[in-house]
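What follows is calculated from the coordinates using simple rules that are stated; it is not laboratory data. Note that the coordinates shown come from a computational prediction; the quantities given were computed from them, not determined experimentally. Heads up, the Cβs are rebuilt from the backbone with ideal geometry, glycines too, and the neighbour counts pull from every protein chain shown.
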Amino acid sequence: MTPALVTPLVADARAALLEVGGRESTVIAAAIETLPSQPPFQVMVTASQAARPQWAGLVDDLFERPLLKNAKAGLRNALLSTVTGDTLYRNVFFSFADAVVLWHYGYTQERTGSARLDAAYDAMRRLLAGAEHFMETRPPAEPDVRYFHRLRRVRLTRDNAYPMLRRAGRLLGAVEAELTREKPHTIRGTILTSYLTFSAQVIAMARALRSDRDAIDRTDVLKALDAITTLLRTAPAALAA
């Protein structure tokens, strides 16, 4: 996307992100704005507008693996999380899993096969263990249930971190609208925008937890957005190599 083609919607969303993210967020804004030029991202946009089974296929085996089983056991649903004050709930984490499966589909259009699930699972573990360094990260053993008990309590309210994350989501929605020609919903966004924003949230929270911090900051958000936009530009074969 060249500057001449930037719409007022994208320009406004970018300005809102830079308002809270400062100059450090310009690289992330540029990375988000170039996503529509990537054919796999275009596939992801189209696929996410269809019914989930059409692109997800049968992923029961993925959700039976230790990472997802421990996440399910260690995280609460949205309602209970609101009551207890937890900041990460089960569906947010599973949206992260869906985003990675959808990324793989964007490059391969594969909906079946254990190799597809192996690749998605590997990418998830790398992102949790390495954030912006996920390409070089060899994931450790899967985090246990106690890890998710700790992760769900990491706060989002420090250093304008969460507003910056939400404004990055607004920019994602604006660039997605460049492809769909649909007006983005200002609150709920699209399925794809929600998946990617939730993924960045999870990656940021995992990054903070690795540093033994009880809240994410703007650096965590920037590194998490860097990780997820880099993933979207990276073919699964590059990770396998």
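Just the projected area, averaged over all directions, of the convex hull on the alpha carbon atoms of the stretch 52-209: how many nm²? Could the numbers behind the result be given before it?
Numbers: hull surface 39.0 nm².
Quarter of the Cα hull surface area: 9.7 nm².
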Give me Glu64, Glu33 ranked fewest to most by other Cβ atoms within 10 Å of their Cβ, as a rough exposure proxy.
Glu64, Glu33
Show log10 I(q)/I(0) for the stretch 189-241 at q = 0.18, 0.32 Å⁻¹, two decimals, from a solvent-free Debye sum over equal Cα scatterers.
-0.64, -1.11
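Taking other Cβ within 10 Å of each residue's Cβ, how do Arg65, Arg210 sort, fewest first? Mind dumping the intermediate values first?
Numbers: Arg65 17, Arg210 13.
With the sparsest Cβ surroundings first, the list reads Arg210, Arg65.
Expressed as a rounded percentage, what relative contact order does the chain have, with Cα pairs under 8 Å and six or more residues apart? Please report the intermediate quantities before stating the final value.
Working: 323 pairs, mean separation 68.9, N = 241.
After rounding, I find 29 percent.
Summing +1 for each Lys or Arg and -1 for each Asp or Glu, what net charge is found among the other residues whose Cβ lies under 15 Å from the Cβ of Pro8? Write down the numbers at each step before the final one.
Working: positive: Arg14, Arg170, Arg181, Lys183; negative: Asp12, Glu33, Glu178.
After counting each charged neighbour, the total is +1.
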Binned at 10 Å from 0, what are the whole-percent values of the Cα-Cα distance distribution for the stretch 155-232, short to long?
20, 49, 24, 6, 0
Give, as a single signed number, the net charge of other residues whose beta carbon lies under 10 Å from the beta carbon of Gly85, with Lys and Arg counted +1 and Asp and Glu -1.
+2
Assigned charges on the beta-carbon of Lys, Arg, Asp, Glu; the stretch 60-163 dipole about Cα centre (debye)
480 debye
Residues Tyr162, Tyr105, Tyr147, Tyr195 in order from fewest to most other beta-carbon atoms within 10 Å are Tyr147, Tyr162, Tyr105, Tyr195
